[in-house]
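Visitor: I have a structure I would like to understand better, so I am pasting it below and will then ask my questions one at a time.
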Amino acid sequence: MNPTPTRTSLQTVVLILTVAGLILLALGGYLTPVSRYVVTPLVTAQTWLASRYQAIQNLVSAPQDLTRTRQRNTELEAEVSRLESQIIDLQQQLSETRILSALVDFARVHPENRYLAASVIGRDPSPFLQYVIINRGSDDGLRRGMPVVTQQGLVGRISKVTAGAATVQLISDAAAKVNVRIEPSRAQALLQGEITGEVSLDMIPQAAKVQVGDLVLTSGLGGNYPDNILIGQVTGVRRRDYDIFQQASVQPVVDFSQLEIVLVITNFRPVDISPLVPTPGAP
Amino acid sequence: MATFIALPILGILLILQSAIVSRIPLLHGTADLVLLAIIAWALQKRVATAWQWSIIGGLLVTIVSALPLGAALIGYPLAVTFALILRQRVWQVPILAMFISTFVGTLVMHIISLVALRLVGTTLPLREALNLITLPSVLLNLLLAIPVYALIGDLANWLYPEELEV
């Protein structure tokens, strides 16, 4: 039996009225206790489902994120390493620039000399010798005997030359001897290296007034070094009445353990005076 | 092959010695990598080119160092001679032989250096040389003896692989 149109309309009207009534009751707050009982289980179920879904989604997507994060971390670490090495490189360049700047200043102060800068690339393998190896040789015009300085003062002189490198005997070598002048007394003396890498003065005339703090410069005597190159300061004097000469210890101005860049005086030619030195028994 | 490989090996060691090791002194003594390498080489079983290595090492050091000509060429072969004698005597304990050879080899090399320097007119005070240079050098050499022996041992095993009996 089919419902008649009148009955259908009545059902629709009742339904609308019921819905409208429920809405009105809800708006009026009369359905809150009822909705709490209905909604709370729904919310709980929804929460449980959502959390499970989130967990599964994390499980599925997390490895991708982790991989991406690790990749990014690696990239950033590589970037940090690159920047750190760049900083070290720049610091080294800055250090070299400062040294070169000081050397240029030194060259300006001594315009009479021609200089060639060289890097110290090694030291003598034997611990008994105080020699350094520089990266310039005969191809650059270096010759045996040329003096070597830094912006602070005298370093030594070239003892052996090859095409691309040279060996420099430091003034602190035990076999090194330099004729020096002590200022302000202008006393002549002989500077000698020691096995410990220190330097000392010998052959200071007894009459000379030498004091702690006096400056020691090359005298130019003997023809091995140009004159007036600073070597160091007197740190102690030993004077005994029964000795022929005084002796003194010297603090060099150059730190020989920290040599990096040196200047070779290329226009100085050492003079060999050995034929002029009288030998015993000679007429 | 085993002789020719001495050139790059000892050459690299000499560069390391000159550029780095010589700048790290203990008092005033420094380690001698070339000496350690040729002693370690001489103590390896099946190695028959110890003399050649000592001569090559001596030549390389003579080129680089300002030591009087021949000091290294005499000192290194003497150190190798002692190591070879010791290899026959204490072949069962090569590390002990390495330590003894290093100790004696360093002393021999330093004595020859001092004598050679004296012959060319540079007289060094013996007590200071012993206290400040030789003894610290011996200590440094002994510290480096084991790693150098291990590295040279690997090289010797690579060049002279042990024959397996089937």
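Visitor: Restricting region A:84-123 to residues that are at pLDDT below 85 and not in a helix (DSSP H, G or I), which is surrounded by the fewest Cβ atoms within 10 Å (Cβ to Cβ)?
Guide: So the residue we want is A:PRO111.
Visitor: List pairs: first residue in region A:104-130 and more than 14 Å from every other protein chain (Cβ to nearest Cβ), second residue in a loop (DSSP other than H, G, I, E, B) and open to solvent by 70 Å² or more (accessible area, probe 1.4 Å) anywhere in the structure, Cβ distance under 8 angstrom, at least six positions apart or on different chains.
Guide: Listed by first residue and then by second, the contacts come to A:LEU116/A:ARG136; A:ALA118/A:ARG136.
Visitor: Next question, about the same structure. Looking at region B:85-101, which of its residues are open to solvent by 30 Å² or more (accessible area, probe 1.4 Å), touching a residue at least 24 places away in the same chain (Cβ under 8 Å) and under 16 Å from B:ALA37 (Cα atoms)?
Guide: Within region B:85-101, B:ARG87, B:PRO94, B:ILE95, B:PHE99 qualify.
Visitor: For region B:116-162, which positions are away from chain A (no Cβ under 11 Å) and not in a helix (DSSP H, G or I)?
Guide: Correct list: B:TYR160, B:PRO161, B:GLU162.
Visitor: Name the pairs whose Cβ atoms lie under 8 Å apart, with the first residue in region A:203-227 and at positive phi, the second open to solvent by 20 Å² or more (accessible area, probe 1.4 Å) and assigned to a strand (DSSP E or B), and 6 or more positions between them or separate chains?
Guide: So the pair list comes out as A:MET203/A:GLN188; A:MET203/A:LEU190; A:MET203/A:PHE245; A:GLY213/A:GLN233; A:GLY220/A:ASN179; A:GLY222/A:ASN179.
Visitor: Which condition does B:GLY75 not pass, out of (1) open to solvent by 20 Å² or more (accessible area, probe 1.4 Å); (2) under 22 Å from B:PHE99 (Cα atoms), if it passes all the others?
Guide: Every listed condition holds for B:GLY75 apart from (1).
Visitor: Separate question: Scan region B:146-166 residue by residue and report those that are among the aromatic types (Phe, Trp, Tyr) and open to solvent by less than 50 Å² (accessible area, probe 1.4 Å).
Guide: Correct list: B:TYR149 only.
Visitor: Given (1) at pLDDT below 85; (2) under 27 Å from the mean Cα position of the chain (by Cα); (3) open to solvent by 100 Å² or more (accessible area, probe 1.4 Å); (4) not polar (S, T, N, Q), where does A:ARG70 come up short, assuming only one miss?
Guide: Result: A:ARG70 fails condition (2) only.
Visitor: Looking at B:GLY57, B:GLY70, B:GLY75, which one is on the phi > 0 side of the Ramachandran plot and within 14 Å of another protein chain (Cβ to nearest Cβ)?
Guide: The conditions single out B:GLY70.
Each row is one residue, and each column tells you yes or no for (1) within 30 Å of A:LEU154 (Cβ to Cβ); (2) among the hydroxyl-bearing types (Ser, Thr, Tyr).
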position: A:THR44; (1), (2): no, yes
position: A:TRP48; (1), (2): no, no
position: A:SER51; (1), (2): no, yes
position: A:THR67; (1), (2): no, yes
position: A:ARG72; (1), (2): no, no
position: A:ASP89; (1), (2): no, no
position: A:ALA102; (1), (2): yes, no
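Visitor: I've got another one for you. Within region B:131-145, work out how many residues are out of contact with any helix residue (DSSP H, G or I) (no Cβ under 7 Å at 6 or more places or on another chain) and surrounded by fewer than 18 Cβ atoms within 10 Å (Cβ to Cβ).
Guide: 4
Visitor: Could you check, for region B:102-115, whether at least one of its residues is open to solvent by less than 10 Å² (accessible area, probe 1.4 Å), among the small types (Gly, Ala, Ser) and away from every other protein chain (no Cβ under 14 Å)?
Guide: Among the residues of region B:102-115, at least one is open to solvent by less than 10 Å² (accessible area, probe 1.4 Å), among the small types (Gly, Ala, Ser) and away from every other protein chain (no Cβ under 14 Å), which makes the answer yes.
Visitor: Let me ask something additional. Which of the residues spanning region A:210-248 are open to solvent by 50 Å² or more (accessible area, probe 1.4 Å), of a type in the set (Ser, Thr, Tyr) and either assigned to a strand (DSSP E or B) or at pLDDT 90 or above (or both)?
Guide: Once the filter is applied, which keeps residues that are open to solvent by 50 Å² or more (accessible area, probe 1.4 Å), of a type in the set (Ser, Thr, Tyr) and either assigned to a strand (DSSP E or B) or at pLDDT 90 or above (or both), region A:210-248 yields only A:THR235.
Visitor: If a residue must be open to solvent by 30 Å² or more (accessible area, probe 1.4 Å) and modelled with pLDDT of 90 or more, how many such residues does region B:33-55 contain?
Guide: As a first pass, look at region B:33-55 and keep what is open to solvent by 30 Å² or more (accessible area, probe 1.4 Å): B:45-46, B:48, B:51-52, B:55.
Now drop any that are not modelled with pLDDT of 90 or more, which leaves B:51-52, B:55.
Total satisfying the criteria: 3.
Visitor: Pairs only if they're at least six apart or on different chains, beta carbon under 6 angstrom, first in region B:1-30 and surrounded by 14 or more Cβ atoms within 10 Å (Cβ to Cβ), second among the aromatic types (Phe, Trp, Tyr); list them, first residue then second.
Guide: Every condition considered, the pairs that remain are B:ALA6/B:TRP53.
The values are calculated or read from the model by the stated rules, or taken from the named source; none is laboratory data. Every value quoted in this text rests on a predicted model; they were computed, and no experiment measured them. In this analysis, Cβ positions are derived from the backbone assuming ideal geometry, glycine residues included, and neighbour counts consider all displayed protein chains. With ligands, DNA and RNA removed, areas are computed over all heavy atoms of the protein, side chains included. Shrake-Rupley method; radii C 1.70, N 1.55, O 1.52, S 1.80 Å.
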